[in-house]
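To start, the structure under review is shown below, and the notes come after it.
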Amino acid sequence: MKKIIITGATSGIGRELALQYASKGNKVGLLGRRTERLKELKSEIGELAFIRTLDVTEHDKAERMYKELIEEMGGLDMMILNAGMGRIQMLPPWRAESKLIEVNALAFAHGCHFAFDYFKKNGGGQVVGMSSMAALLAHHRAAAYTASKHFLSNYLVGFRQKARRVDADITLTEVRAGYILTEMTEKAKGMFWVADVEKAASQMIKGIDSKKNIFYVTKRWRLIAWFAKCVPEFIWNRI
Ligand SMILES: NC(=O)c1ccc[n+]([C@@H]2O[C@H](COP(=O)([O-])OP(=O)(O)OC[C@H]3O[C@@H](n4cnc5c(N)ncnc54)[C@H](OP(=O)(O)O)[C@@H]3O)[C@@H](O)[C@H]2O)c1
């Protein structure tokens, strides 16, 4: 039985990972801002679920909540840093941009830092970052989002190097997801190869549990990754 913390567990990918990991007998510590959703999830999963209401941008509170969940679960084997946001319509443009960076990049880095430190002191564990194909691309309509996933990806590379230098068995996994149907994408236009969240989460669990450094969900997105790496920037800018 693994003890797993999942941020952004109130909907979409995080919620589905929680349900599937719990159905395999693992303990799941679940976080998000929407308390009602967390309570629903707790009543669906039962005693394997532990919940805390949290805005991940509140770092001091996050640290307290992570520690409390670890205490309640009796340890930590895996930290899935999934909380994230896409475009925000309701805020003024710069406020929306900075909020997205705060959640997708800064709060991710804080969670990664916290988990790495815990695993270093406790012999090992796995940190999972919920990345995207956006980590490989830039887009004029989503500059902050694509940059935030570049950050996540690169941060994990640095921490993988750190992991080789410490006396603990720490795996850092980047999940590069293509389009998945969730609240984040339900109004998006022009998507293709869209996966349902159940299939995506089940592929993610296989990739995470085989302790890969990086993998694509669904698998066919590897083709686009290959394309993105081959196409020079001046051509990409015209596409
Ligand atoms: N769907 C896709 O096609 C796709 C593709 C690639 C990568 N991803 C990544 O997958 C992750 C999950 O997205 P999703 O598609 O499942 O979207 P979603 O259904 O909108 O889920 C986003 C989750 O993040 C949480 N969250 C957002 N801001 C937060 C904050 N400040 N503090 C705490 N939790 C926060 C939300 O919880 P609360 O609102 O309750 O706080 C929610 O549980 C994101 O990192 C996203 O970038 C998604």
Query raised in the report: Within the accessible area of the range 3-236, what % is carbon and sulfur when the probe is 1.4 Å and the other protein chains stay in place?
Result: 53
Query raised in the report: Going by average Cβ neighbours within 10 Å, how do the peptides 132-143, 16-27 rank, with the highest at the top?
Result: 16-27, 132-143
Query raised in the report: Can you tell which of Gly14, Tyr216, Val175 lies farthest toward the positive end of the dipole of the chain, using +1 and -1 charges on the Cβ of basic and acidic side chains (Lys, Arg; Asp, Glu)?
Result: Tyr216
Query - the range 49-149: relative contact order as a whole-number percent, Cα under 8 Å and 6+ apart - result: 30
Query raised in the report: If the limit is 22 Å between Cα atoms, which of Lys2/Lys120; Lys3/Lys121; Lys121/Lys206 go over it?
Result: Lys121/Lys206
Report task. Evaluate E = 1/(1 + (r/R0)^6) for Gln20 and Leu91, where r is the Cβ-Cβ distance and R0 equals 41 Å; express this FRET efficiency to the nearest 0.05. Result -> 0.80
Report task. Could you state, as a whole-number percent, how many of the C-alpha pairs of the range 3-236 are farther apart than 28 Å? Result -> 26
Report task. Report the paramagnetic label zone for Val166: residues of the range 199-224 whose backbone N is under 14 Å from a point 7 Å from Cα along the Cα-to-Cβ axis. Result -> none
Query - Per-residue [θ]222 nm for the chain (sum of -39500 (n - 2.57) over DSSP H runs n ≥ 4, rounded to 500) - result: -14500 deg cm²/dmol
Query - Subset of Lys24/Lys61; Lys199/Lys229; Lys24/Lys211 violating a 24 Å alpha-carbon distance limit - result: Lys24/Lys61; Lys199/Lys229
Report summary line: Here the gain from full extension of Lys199 to Glu183, 0.36 nm per residue of separation minus their alpha-carbon distance, amounts to 4.2 nm
Query raised in the report: Relative contact order of the chain: what whole-number percent is it, with Cα pairs under 8 angstrom and at least 6 residues apart?
Result: 17
Report summary line: With every protein chain in place, the accessible area of Met85 for a 1.4 Å probe, in Å² rounded to the nearest 10, comes to 40
Query - Theoretical gain in end-to-end length, Glu233 to Glu47 [0.36 nm per residue, Cα-Cα removed] - result: 61.9 nm
Requested in this report: Give the accessible area for Val103 in Å² (nearest 10); use a 1.4 Å probe, count only protein heavy atoms, and leave out ligands, DNA and RNA.
Outcome: 10
Query raised in the report: To the nearest Å, what is the center-to-center distance of the range 1-55 and the range 152-176, using C-alpha atoms only?
Result: 24
Report task. Would you kindly state how much longer the chain becomes between Ala138 and Lys121 on full extension, computed as 0.36 nm times their sequence separation minus their alpha carbon distance, in nm to one decimal? Result -> 2.4 nm
Query raised in the report: Of Phe159, Phe151, which has the most accessible area with a 1.4 Å probe, and how do the rest follow in descending order?
Result: Phe151, Phe159
**Report entry** Whether the range 28-138 is rounded, prolate or oblate, judged on the alpha carbon gyration tensor where a/c under 1.5 counts as rounded
**Finding:** oblate
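The values are calculated or read from the model by the stated rules, or taken from the named source; none is laboratory data. Note that the structure is a prediction, hence the values are computed from the model and not measured. A quick note on method: Cβ atoms are made from the backbone with ideal geometry, for glycine too, and the neighbour counts reach across all protein chains shown. Accessible surface areas use protein heavy atoms only, side chains included; no ligands, DNA or RNA. Shrake-Rupley method; radii C 1.70, N 1.55, O 1.52, S 1.80 Å.
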